[in-house]
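Peer 1: Below is one structure. I have some questions about it.
The values are calculated or read from the model by the stated rules, or taken from the named source; none is laboratory data. What you are looking at is a predicted structure, and each value in this text was computed from that prediction instead of being measured. Here the Cβ positions follow ideal geometry from the backbone for every residue, glycine too, while neighbour counts run over all protein chains shown. Note: accessible area is taken over every heavy atom of the protein model, side chains too, but ligands, DNA and RNA are not part of it. Shrake-Rupley method; radii C 1.70, N 1.55, O 1.52, S 1.80 Å.
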Amino acid sequence: MEEQACPRCKTTKYRNPSLKLMVNVCGHTLCESCVDMLFLKGSGACPECMVPLRRNNFRVQLFEDPMVEKEVDIRRRILRDYNKREEDFATLEEYNDYLEEIEDIVYNLCNNIEIIETNKRIEAYKRDNREVIQRNKTRVGRDECALEELLELERVQDESRKKELDELETEHKKKKARDKQALIEELMYSGKDAATIVSEFAEKAEKQREEEKQLPPPKSIKEFSTGIKFGQTADPNLQPVPKSDEGPLFVYEPLIPYTDGPTPPPASDVETVGYIAHIRPETPQENAGGFTSALACHRALQEALQCLYYTPTTGVGVAL
């Protein structure tokens, strides 16, 4: 594996473990220090391809290959406008052609092929489909709001559960401290035998530990911290699907073919009896695809013996 390094200052992860590589729209990487040095005068260009760059377009490199970062950024930017769905097309073939057009655009932009023509193609699509793009953006926005509400619901429930468990743990610690103080006071001022007092305290502590293991069920939360109840803005399409009664399990019944002719030999006899003596063996490529000479021979025998007993009934008894 090639070690990641900044192409400008040649710093590697080995020499600087805290090295943070940044990537821009051109797909070339720079370390964070070089990015700061590049924009000291307010503007800068990529040291490798000399494309004008903007400081706010730099982001932390997530993938080892910077070209993957470039493709992800281009694909996200293209899909922001090419946001049609399958239901927007009359046939599945038109939708597949639309998806293929998106892949062609992404490929051209990633590999610097016909950049000007591709950008003109994108601008023409945006002009011709302005209303559809805006409508789909609104629809996607509603779906994102519904998903964010569901994620917020999970986050609130997790925080509430964590807070409840922290309060329970604090209460257990306070109770242990009170029990310990009570034991000390009883040993100092009680007239009982110390061994008996310690034994009773140990039994009580063991019982308390068993109770602590049984955590209470989480409390039901019906609204956010803002007072909005759950489900008021969620998309009903994202609600769980109602459970349906399961039918009986499928029972496999072996197929009994009706050949209307002599019974073909079983597959086990094809090689042992010698049916494949005059059949060429399969090639390695055919064998890799699941083809064998015994299988082909067995199917040929089935087809040869099929319908040999068939007697046509139409046309019998025609007068001379």
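Peer 1: Does any residue of the range 186-195 turn out to be open to solvent by 90 Å² or more (accessible area, probe 1.4 Å) and hydroxyl-bearing (Ser, Thr, Tyr)? Lay out the reasoning, then the answer.
Peer 2: First, the residues of the range 186-195 that are open to solvent by 90 Å² or more (accessible area, probe 1.4 Å): 188-189, 192-193.
Narrowing further to those that are hydroxyl-bearing (Ser, Thr, Tyr): 189.
Looking through the range 186-195, at least one residue is open to solvent by 90 Å² or more (accessible area, probe 1.4 Å) and hydroxyl-bearing (Ser, Thr, Tyr).
Peer 1: Since Ala124 meets every condition but one in (1) modelled with pLDDT of 85 or more; (2) open to solvent by 40 Å² or more (accessible area, probe 1.4 Å), which condition does it not meet?
Peer 2: (2)
Peer 1: Then there is this: If I filter the range 144-159 for residues that are under 20 Å from Asp81 (Cα atoms) and either assigned to a helix (DSSP H, G or I) or assigned by the TED database to the domain that holds Arg76 (or both), do I get at least one hit?
Peer 2: Our first condition is that a residue be under 20 Å from Asp81 (Cα atoms); within the range 144-159, this holds for 144-145.
With either assigned to a helix (DSSP H, G or I) or assigned by the TED database to the domain that holds Arg76 (or both) added as a condition, the list becomes 144-145.
Yes: the range 144-159 contains one or more residues that are under 20 Å from Asp81 (Cα atoms) and either assigned to a helix (DSSP H, G or I) or assigned by the TED database to the domain that holds Arg76 (or both).
Peer 1: Mind telling me which of the residues Lys137, Lys163, Lys175 ends up being under 30 Å from Ser199 (Cα atoms) and not small (Gly, Ala, Ser)? Step through it out loud before you land on a result.
Peer 2: Details: Lys137 fails: under 30 Å from Ser199 (Cα atoms); Lys163 fails: under 30 Å from Ser199 (Cα atoms).
After applying the criteria, what remains is Lys175.
Peer 1: Still on this structure, I have one more. Are there any pairs with C-beta distances below 8 angstrom linking a residue in the range 163-184 that is in a helix (DSSP H, G or I) to a residue that is modelled with pLDDT under 85 and open to solvent by 70 Å² or more (accessible area, probe 1.4 Å), with the two at least 6 apart or on different chains, and if so which?
Peer 2: Listed by first residue and then by second, the contacts come to Glu164/Pro218; Glu164/Lys219; Leu165/Leu215; Leu168/Leu215; Asp179/Lys204; Leu183/Val198.
Peer 1: For Asp81, work out the one condition from (1) of a type in the set (D, E, K, R); (2) open to solvent by less than 100 Å² (accessible area, probe 1.4 Å); (3) free of Cβ contacts under 8 Å to residues at least 40 places away in the same chain; (4) under 21 Å from Val25 (Cβ atoms) it doesn't fulfil.
Peer 2: Only one criterion in (1) of a type in the set (D, E, K, R); (2) open to solvent by less than 100 Å² (accessible area, probe 1.4 Å); (3) free of Cβ contacts under 8 Å to residues at least 40 places away in the same chain; (4) under 21 Å from Val25 (Cβ atoms) is unmet by Asp81, namely (3).
Peer 1: Here are some conditions: (1) closer than 18 Å to Asp260 by Cβ; (2) open to solvent by less than 100 Å² (accessible area, probe 1.4 Å); (3) modelled with pLDDT under 85. Gln306 meets all but one. Which one does it not meet?
Peer 2: Gln306 satisfies every listed condition except (3).
Peer 1: With respect to Arg54, is the statement that it is in the same structural domain as Ser18 (by the TED database) and surrounded by fewer than 14 Cβ atoms within 10 Å (Cβ to Cβ) true?
Peer 2: On the way: in the same structural domain as Ser18 (by the TED database): yes; surrounded by fewer than 14 Cβ atoms within 10 Å (Cβ to Cβ): yes.
Spelling it out, Arg54 is indeed in the same structural domain as Ser18 (by the TED database) and surrounded by fewer than 14 Cβ atoms within 10 Å (Cβ to Cβ).
Peer 1: Please determine whether any residue of the range 197-213 is at pLDDT 55 or above and not in a helix (DSSP H, G or I). Steps first, please.
Peer 2: Narrowing the range 197-213 to residues at pLDDT 55 or above: 197-213.
Imposing the further condition that a residue be not in a helix (DSSP H, G or I) reduces the set to none.
No, every residue in the range 197-213 fails to be at pLDDT 55 or above and not in a helix (DSSP H, G or I).
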